[in-house]
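One structure is given here, and the rest of the page talks about it.
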Amino acid sequence: METPITTFAQTPAEPVHGKGFGIRAGAYVIDVVVNLIVALVVGFTVGFFIGIISSFFNTGINFAGEAPTALNLLLGIFSSTFYFAIFEWLYGS
């Protein structure tokens with residue numbers, strides 16, 4: 001014995017009203033400023049503790065190489081990706 005297939009009448013979906021360019025551009029500028037402030041605070045904090053630790057062990061720090069630039073690039077990519085992924089996950093686009 002076959003089970004009858006029931007169909008449901010489709011109701012029209014409500015239109016989605018997105019935000020305009022101005023509000024999205026403003027939100028992106030705010031996001032960039034927040035990322036910059038967080039990066040500065042983290043950079044100063046880490047630099048302060050590296051200075052304290054290096055003076056404690058009586059060692060010098062040489063920042064003449066390219067390692068800090070590469071490290072800054074990697075940390076910037078990671079923090080920006082993490083920041084935007086979290087807010088996309090929480091609030092959507």
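The values are calculated or read from the model by the stated rules, or taken from the named source; none is laboratory data. Every value quoted in this text rests on a predicted model; they were computed, and no experiment measured them. SASA here: full protein model, heavy atoms, side chains in, ligands and nucleic acids out. Shrake-Rupley method; radii C 1.70, N 1.55, O 1.52, S 1.80 Å.
Among the residues making up segment 20-64, those that are under 22 Å from the mean Cα position of the chain (by Cα), more than 20 Å from Ser79 (Cα to Cα) and open to solvent by 80 Å² or more (accessible area, probe 1.4 Å) are Phe21, Ile23, Arg24.
Among the residues of segment 43-67, the ones that are at pLDDT below 85, assigned to a helix (DSSP H, G or I) and among the β-branched types (Val, Ile, Thr) come to 2 in all.
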